[in-house]
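Have a look at the structure below, then the notes.
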Amino acid sequence: MPEEEKERVRVALNMLREEFEQLKALAREDGETVSGYLRKALATERYLKERTESGGKILIEEDGVQREIVFR
């Protein structure tokens, strides 16, 4: 379904000011709105959850060393 045909909802949430400032900074760094950044974060979380629930592992390589990242 094209983006313009999808139903939108307005959401209010409570978070610490520091967290909100971090969210705004991350969105700005990516050239996103806060809403757009939250949509990307949700898509990333969904992808990671699907991969790990199906037995996949999330790895990060740093200084030539691979480590598994375990989310919650």
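Summary of computed values
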| item | result |
| --- | --- |
| Residues within the range 34-72 that are β-branched (Val, Ile, Thr), surrounded by 10 or more Cβ atoms within 10 Å (Cβ to Cβ) and not in a strand (DSSP E or B), tallied | 3 |
| Set 61, 21, 50: member being within 17 Å of the chain's Cα centre (by Cα) and at pLDDT 95 or above | 21 |
| Subset of the range 22-33 that is free of Cβ contacts under 8 Å to residues at least 12 places away in the same chain and under 19 Å from residue 10 (Cα atoms) - its residue that is least open to solvent (accessible area, probe 1.4 Å) | 27 |
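The values are calculated or read from the model by the stated rules, or taken from the named source; none is laboratory data. In this text, all values refer to a predicted model and were calculated from it rather than measured experimentally. Note that each Cβ is placed from the backbone with ideal geometry, even for glycine, and that neighbours are counted across all protein chains shown. Quick note on the areas: whole protein, heavy atoms, side chains included, nothing else; ligands and nucleic acids left out. Shrake-Rupley method; radii C 1.70, N 1.55, O 1.52, S 1.80 Å.
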